[in-house]
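**Q** If you scroll down you'll find the structure; I have some questions about it.
A short reminder: the numbers here are calculations on the coordinates, not readings from a lab. If you're wondering where the values come from, they're calculated on a predicted model, not measured in any experiment. Note that each Cβ is placed from the backbone with ideal geometry, even for glycine, and that neighbours are counted across all protein chains shown.
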Amino acid sequence: AKANHAMVRGAFILLEGCDRTGKSTQAERLVDALNRRGQRALLWKFPDRTTRIGQMIDGYLAKGQDLNDQAVHLLFSANRWEAIGQIQAHLREGTHLVVDRYAYSGVAFSAAKGLDLHWCKQPDVGLLTPDLTFFLDMSIEESMNRGGFGQERYEKVALQTRVREMFHALREPDWKVIDATQTKDQIHAELLGIAQATIGCVGNTELKHT
Ligand code: T5A
Ligand code: NA
């Protein structure tokens, strides 16, 4: 039985970009701002390092454990698939989801490492599609100067440069490209305004799948 007849669903809002561009900072602030305005919103981060699959990803990224490139790619995708039931339930209940990285990161990083682009896209086919995608963009030189750059496996200038090119190649016409060199407050104001406009449009439209 469907309990969600006249219910307005939540919006799926995604933040993407290269490392250190401020995605997590902005995702948290956006969720807080929506909640303070009385709109139920939840933060969801990929990779979700708390699950068993996520712990394998964390071992690879942060603890120097080696894994085959294709296997890692599939783990990142599996980490999205294992969350999709919960994400869908929240959206159907009218909760907005602010998602910190998703399938575009999955494809951009693996393809930048040299895996076949078409192959990289396949494991994520069928996942939910975001209603709104922000792409936080800045030069790699600028992101290198941000706190913490270089601590994890993928935080190398040459790879990040290819990842950024890959993101631009994957960019869909409806992405909102945000200048990530602005102040945290400026970016937050821009994101909140656009997010609220999207929330107003989602209404009781169907959830979309790739
Ligand atoms: N990955 C991920 C894949 O290969 N495949 C996949 O499918 C997925 C989902 C880890 C790695 O996994 C790869 C991509 C990554 O290499 P992660 O856990 O999201 O992914 O990485 P994190 O280390 O958590 O996050 P990032 O490095 O991407 O950083 P953020 O979230 O973009 O940046 P944030 O907000 O933490 O800020 C970084 C620093 O900059 C400052 C902050 O205070 C902080 O010190 N800062 C600003 N400074 C000045 N002006 C601003 N506007 C600022 N905004 C933030
Ligand atoms: Na982050």
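**Q** Over the Cα atoms of the chain, what radius of gyration and what Dmax do you get, in Å?
**A** 16.9, 54
**Q** Between Ile178 and residues 5 or more places away or on another chain, which pairs have amide H atoms under 5 Å apart, with H built 1.01 Å from N, and which residues are they?
**A** Hits under the 5 Å cutoff: Phe135, Leu136, Asp137.
**Q** List, in order, the whole-Hz ³J(HN,Hα) value for each residue of the stretch 7-13 obtained from phi through the Karplus relation with A = 6.51, B = -1.76, C = 1.60 and θ = phi - 60°; use x for Gly and Pro.
**A** For the stretch 7-13, the Karplus-derived couplings read 6, 8, 7, x, 9, 9, 10 Hz, x marking Gly and Pro.
**Q** Continuing with the same structure: Could you derive backbone 3J(HN,Hα) for the stretch 96-104 from the dihedral phi with the Karplus parameters 6.51, -1.76 and 1.60 (θ = phi - 60°), listing whole Hz in sequence and x where the residue is Gly or Pro?
**A** 7, 10, 9, 10, 9, 6, 7, 5, 5
**Q** Per residue of the stretch 109-117, in order, report the coupling 6.51 cos²θ - 1.76 cosθ + 1.60 (Karplus, θ = phi - 60°) as ³J(HN,Hα) in whole Hz, putting x for Gly and Pro.
**A** Listing the rounded values in order: 5, 5, 5, 5, 6, x, 6, 5, 4 Hz.
**Q** At Leu67 and Gln88, where each label point lies 7 Å from the Cα along Cα→Cβ, what is the point-to-point distance in nanometres?
**A** A separation of 2.4 nm, rounded to one decimal place.
**Q** Continuing with this model, one more query. Let me know the charge dipole size of the stretch 12-202 about its Cα centre in debye, to the nearest 20, where only the beta-carbon of Lys, Arg (+1) and Asp, Glu (-1) is charged. Can you show the working numbers first?
**A** Values: 23 positive and 25 negative charges, 68 e Å.
Roughly 320 debye for the stretch 12-202.
**Q** Once the principal axes of the Cα atoms of the stretch 88-210 are found, what is the range along each, listed largest first in whole angstroms?
**A** 44, 38, 25
**Q** As a test of the formula, what do you get for the chain when each DSSP H run with n ≥ 4 contributes -39,500 (n - 2.57) and the sum is divided by the residue count, at 222 nm and rounded to the nearest 500 deg cm²/dmol? Intermediate results must be reported in sequence, preceding the final value.
**A** On the way: 8 runs with 102 residues, N = 210.
That comes out to -15500 deg cm²/dmol.
**Q** Anyone know which of Lys63, Lys156, Lys121 comes out most mobile in the 10 Å Cα GNM of the chain?
**A** Looking only at Lys63, Lys156, Lys121, the largest GNM fluctuation is found for Lys63.
**Q** Give me the percent relative contact order of the stretch 12-202, please, defined on Cα pairs under 8 angstrom at least 6 residues apart. Before the final figure, lay out the partial values.
**A** Working: 260 pairs, mean separation 64.4, N = 191.
Reported as a whole number, the value is 34 percent.
**Q** Which percent, to the nearest 5, of DSSP beta bridges fully inside the chain are antiparallel? Spell out each step's value before the answer.
**A** Numbers: 1 of 19 bridges.
For the chain, the DSSP antiparallel bridge percentage is about 5.
**Q** Something else about it: Going by average Cβ neighbours within 10 Å, how do the peptides 202-210, 32-40, 89-97 rank, with the highest at the top?
**A** On the way: 202-210: 11.4, 32-40: 13.6, 89-97: 17.4.
Packing order, densest peptide first, comes out as 89-97, 32-40, 202-210.
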